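Here is the structure we will look at.
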Amino acid sequence: MTATPASIPLIDISVLRDHSDPSAVTAVGAAIDAACRDTGFFCISGHGVDHELFESLDALAREFFALPQSAKAEISMARGGRAWRGWFPLGGEVTSGVPDRKEGIYFGQQLGPDDPRVQAELPLHGSNLFPLQLPALAPAVFAWIDAMTELGHIVMSGIALGLGLPADWFQEHLTSDPTLLFRIFQYPVDGPGTWGVAQHTDYGLLTLLAQDNCGGLQVLGRDGWVEVEPIPNTFVCNIGDMLERITGGRYRSTLHRVRNTSGRDRLSFPFFFDPSWHARPQPLPLAAEPGDAERVQADAARWDGRSVFDFDGTYGEYLTAKVSKVFPDLVHVI
């Protein structure tokens with residue numbers, strides 16, 4: 001394990017892909033455990049994802065955002081219905097009650113009209129929307145979702161080992177049919193006092209972030225805000241609310257934000273690997289450690305005023321309530 005310039009650990013997870021060296025696998029689990037106990041953020045190398053996939057996706061995303069507004073509006077989220085897929089304009093998404101300075105596209109698992117989840121009208125389930133002007137975007141997105149899904153299972157196996165669980169614990173109990181959400185965001189340059197995204201936490205288990213070289217991601221560490229410098233061919237990983245919940249606060253769903261001062265547009269590609277829609281995330285039977293009670297108490301003062309430990313329901317219910325606040329103009333469709 002090494003460290004990035006931002007003091008966010010960089011962990012080579014290659015041994016998690018083949019488990020060829022048991023002692024090395026244990027060491028990687030321990031490194032992930034330490035990161036999740038500290039900032040809840042770490043970077044990974046040795047992930048096995050073909051960098052050409054990212055380069056293709058990045059190029060296509062830039063082509064999309066360069067399209068006229070009228071062309072992008074042809075796949076606006078209002079056309080996506082309950083699936084909540086498609087494009088939103090600058091300022092169309094809200095964080096902490098403030099419109100974000102970014103535009104983006106929402107994607108997810110591709111489900112046709114005959115899928116039982118679509119027929120049941122579950123929110124955030126359905127078909128993706130793609131622009132006619134970029135026919136190559138759909139296969140690139142689907143290839144990326146497949147690669148990130150596989151990587152999500154691998155990283156969660158490392159988290160399981162760090163918690164002293166079997167490597168396949170999450171896949172067996174929470175992510176046999178994971179909720180998969182993928183976003184592509186473009187951030188214009190931020191001026192003094194403005195933020196591309198205000199401080200927030202993520203909702204689920206694990207976020208896998210690919211980003212360009214603009215920088216701008218900041219994480220709230222124990223001693224203040226920390227810049228997460230981009231490193232080529234790595235992913236930034238951070239844990240979400242549900243992992244904080246099931247570990248009793250031992251792992252931190254950490255506040256983070258974005259300010260783009262690079263002088264050019266910033267692109268980011270967050271992939272959310274989350275519990276199955278109908279899963280009910282419950283606390284793990286972990287042995288008590290010093291500070292556990294204090295961490296649970298501190299959670300009550302979260303950024304959104306809602307403790308993850310007070311919630312009792314399915315992950316789908318939690319996610320729907322959260323996403324409804326992100327796009328208040330689309331609440332009526334769910």
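Here are some notes:
- Scanning segment 204-222 for residues that are surrounded by fewer than 23 Cβ atoms within 10 Å (Cβ to Cβ) and outside any strand (DSSP E or B) gives D212, N213, C214, G215, R222.
- Take the conditions (1) at pLDDT below 95; (2) within 20 Å of R17 (Cβ to Cβ); (3) not β-branched (V, I, T); L209 misses just one of them, which is (1).
- Members of segment 111-132 that are small (G, A, S) and farther than 15 Å from R79 by Cβ: G112, A120
- Only one of the numbered conditions (1) surrounded by 22 or more Cβ atoms within 10 Å (Cβ to Cβ); (2) over 18 Å from the mean Cα position of the chain (by Cα) is violated by V98, and that is (1).
- Test: residue in segment 70-93 that is surrounded by 20 or more Cβ atoms within 10 Å (Cβ to Cβ), part of a helix (DSSP H, G or I) and of a type in the set (G, A, S): yes
- Residue list for segment 107-149, restricted to those being farther than 25 Å from A71 by Cα and touching a residue at least 40 places away in the same chain (Cβ under 8 Å): R117, L122, P123, A147, M148, T149
The values are calculated or read from the model by the stated rules, or taken from the named source; none is laboratory data. Just so it is clear, the model here is predicted, and its values are computed rather than measured. Reconstructed Cβ throughout: ideal geometry from the backbone, glycine too, with neighbour counts over all protein chains shown.
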